[in-house]
Amino acid sequence: MAAKSDIVNRAVLIEKIREEKPFHYIVQNLESTFGDPKLSSKSDALAMLINIILSQATSDANSDRTFRNLRERFANWEAVLAADEKDIADAIRLGGLANQKAKVIKDLLRQLKETSGKLSLKRIEKMPDEAARNYLQTFHGIGPKTVACTLLFACHKEVFPLDTHIFRVLKRMGILPEKITDTKAHRLLDALVPTGKFYSLHVNLIRLGRQICRPREPLCERCPLIEYCDYGLTRI
């Protein structure tokens, strides 16, 4: 009964949000302000997943350099799997949290090898979105945002990643409750984002959070989403 109740409550919440915060207008207003970003070509999912792991708690520039360092240090993913965690950590030191990230990467490769016999995530390309998400979440240390980024960026699947900026914006707007788990937030947004607009909305909400809906002193008077924002409407 509890599971059924949760499903009903979620459906009611989704319908309420759709009525009060029409996402097609939100997407439209953001694109009018920031443009309509497009995904680049599909790419290797395993490489993308490891790149996303390395991007945590560091800048984009540091993340890219750290990933290059890892690829230059080791000939292939088999070599990374065979290496000591200390050597992996040394290769990725620039990106911060090196020991923690090295363990996650090593565990990921070990688990992938044990379960599929090879170091590849190519199989997820043909999986339905939900199946691909569930599969990636079986790997230790891989959270909802990392899963969503991998599926969206590498495979172009309709899965929506939320970062710190997006959480802040959507909570201020009244779309996400103040207390919600990462998993539930990701599932909720997957149901709300218009088809074909997952990447555009992801990128533009981050731009909004960095440039206008800042943690301190948000520029509400310049916000293209002010008419849909519970917080912003109290400040103007």
Worksheet, complete the sentence: When the range 31-57 is checked residue by residue, the ones that are among the small types (Gly, Ala, Ser), out of contact with any Lys or Arg (no Cβ under 8 Å at 6 or more places or on another chain) and in a helix (DSSP H, G or I) are SER32, ALA47, SER55
Discussion item. Tell me the residue from THR195, THR181, THR146 that is farther than 16 Å from VAL27 by Cα, without any contact (Cβ under 8 Å) to a residue 40 or more places away in the chain and among the hydroxyl-bearing types (Ser, Thr, Tyr), please.
Written reply: THR181
Discussion item. Restricting to the range 150-171, name every residue that is buried (at least 22 other Cβ atoms within 10 Å of the Cβ) and closer than 22 Å to GLN211 by Cα.
Written reply: PHE160, PRO161, LEU162, ILE166, VAL169, LEU170
Item to complete: Working only within the range 58-117, note down all residues that are surrounded by fewer than 15 Cβ atoms within 10 Å (Cβ to Cβ), of a type in the set (Gly, Ala, Ser) and in a loop (DSSP other than H, G, I, E, B).
Response: SER59, ALA75, GLY117
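With the structure loaded, tell me whether TYR228 is touching a Lys or Arg at 6+ places or on another chain (Cβ under 6 Å) and not assigned by TED's automatic domain parsing to the domain that holds LYS103 or whether it fails that test. Give the derivation first.
On the way: touching a Lys or Arg at 6+ places or on another chain (Cβ under 6 Å): yes; not assigned by TED's automatic domain parsing to the domain that holds LYS103: yes.
Yes, satisfied.
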Worksheet item: Residue check, ASN134 against (1) over 14 Å from MET48 (Cα atoms); (2) of a type outside the set (Asp, Glu); (3) assigned to a loop (DSSP other than H, G, I, E, B); (4) not assigned by TED's automatic domain parsing to the domain that holds ARG216, all met but one. Which one?
Response: (3)
Worksheet item: Which one is farthest from SER116 (Cα to Cα) among residues in the range 139-187 that are among the hydroxyl-bearing types (Ser, Thr, Tyr) and in contact with a helix residue (DSSP H, G or I) (Cβ under 8 Å, 6 or more places away or on another chain)?
Response: THR164
Worksheet item: PRO215 fails exactly one of the following numbered conditions: (1) part of a loop (DSSP other than H, G, I, E, B); (2) over 17 Å from ILE14 (Cα atoms); (3) at pLDDT 95 or above; (4) out of contact with any Lys or Arg (no Cβ under 7 Å at 6 or more places or on another chain). What is the number of that condition?
Response: (4)
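The values are calculated or read from the model by the stated rules, or taken from the named source; none is laboratory data. Treat the numbers as computed from the prediction; the structure is a model and nothing was measured. Ideal geometry is used to build each Cβ from the backbone, glycine not excepted, and the neighbour counts take in all protein chains shown.
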